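Heads up: the structure comes next, in C-alpha cells.
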Amino acid sequence: MGAMFQVRQSNWLGHFQAWNVLYCILNIVLSIIFFVLQFVSLALDAALKAIVHLIIDSVVGLVVGFLLCHVGWFCVVKNRGCCGKIGYLAWGIIYFLFVFWPVLVGTLNTSAICLILLVPACGMLWSLFNLFQGGGGSS
C-alpha cells in the first residue's frame, strides 16, 4: 500500500489499476453506508415515496460508478488508453469531471466522508498524467 503513495512509479498502468480498484471498492462501501443511513432516516419518517426514490438513485449511482471504474480500467490498462496519449488525457478529463463535479456545482452536501474518494481519484489522475507524459506503462 505504501508504494501507491510514491511519486515515481515503474509501472503507471499498475499504479492506475491499484487506485482504480480502491476507488471502486470505496465507492461501493460508501454508497451502501450512505444508503443505510438515509433509509433508516426515511423509514423513521415513514416517507415511502422518498424511500423508493432513494433506492432508485442508489442503484443507478452504484451501476454508473462501477461501470465508470470498469470501463476506465479496460480502456486505460487493457487497451493502453484506447487512443494512446490522447486516450489517457480523455480519461483524465472524464475522471476529473466525475469526481469533482459535485464540488464544482456546489452540491457536495451529502456527506463529507465522501471526500475520502478524492485520495484514490487523485492517484488515478496522477497516473493518467504520467501516462500522458509518456511514463512507464509496462503491464
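Residues that are aromatic (Phe, Trp, Tyr) and under 20 Å from the mean Cα position of the chain (by Cα): does the stretch 25-36 have at least one?
There is at least one residue in the stretch 25-36 that is aromatic (Phe, Trp, Tyr) and under 20 Å from the mean Cα position of the chain (by Cα).
Check whether at least one residue in the stretch 57-80 is more than 24 Å from Asn11 (Cβ to Cβ), over 16 Å from the mean Cα position of the chain (by Cα) and modelled with pLDDT under 90, and report yes or no.
Looking for residues that are more than 24 Å from Asn11 (Cβ to Cβ), over 16 Å from the mean Cα position of the chain (by Cα) and modelled with pLDDT under 90, one finds at least one in the stretch 57-80, hence yes.
For the stretch 88-104, what are the residues that are open to solvent by 70 Å² or more (accessible area, probe 1.4 Å), at pLDDT below 85 and either in contact with an Asp or Glu (Cβ under 6 Å, 6 or more places away or on another chain) or over 22 Å from Met4 (Cβ atoms) (or both)?
Trp101, Val103, Leu104
Is one or more of the residues making up the stretch 62-78 over 16 Å from Trp126 (Cα atoms) and not in a helix (DSSP H, G or I)?
no
Kindly evaluate Leu30 against the criterion of being part of a helix (DSSP H, G or I), closer than 19 Å to Phe100 by Cα and touching a Cys at 6+ places or on another chain (Cβ under 7 Å).
So Leu30 fits the description; yes.
For the stretch 6-19, enumerate the residues that are in a helix (DSSP H, G or I) and within 19 Å of Gly84 (Cα to Cα).
Trp12, Leu13, Gly14, His15, Phe16, Gln17
So which residues in the stretch 105-139 are at pLDDT below 70, touching a Leu at 6+ places or on another chain (Cβ under 9 Å) and surrounded by fewer than 16 Cβ atoms within 10 Å (Cβ to Cβ)?
Leu108, Ser111, Ile113, Gly136, Ser138, Ser139
Looking at the stretch 35-54, is at least one residue part of a helix (DSSP H, G or I), hydroxyl-bearing (Ser, Thr, Tyr), open to solvent by 30 Å² or more (accessible area, probe 1.4 Å) and within 30 Å of Leu131 (Cβ to Cβ)?
no
The values are calculated or read from the model by the stated rules, or taken from the named source; none is laboratory data. Because the structure is a prediction, the values reported are computed rather than measured. Positions of Cβ are backbone-derived with ideal geometry, glycine not excepted, and every protein chain shown enters the neighbour counts. Protein only, heavy atoms only, side chains kept; ligands, DNA and RNA dropped before computing areas. Shrake-Rupley method; radii C 1.70, N 1.55, O 1.52, S 1.80 Å.
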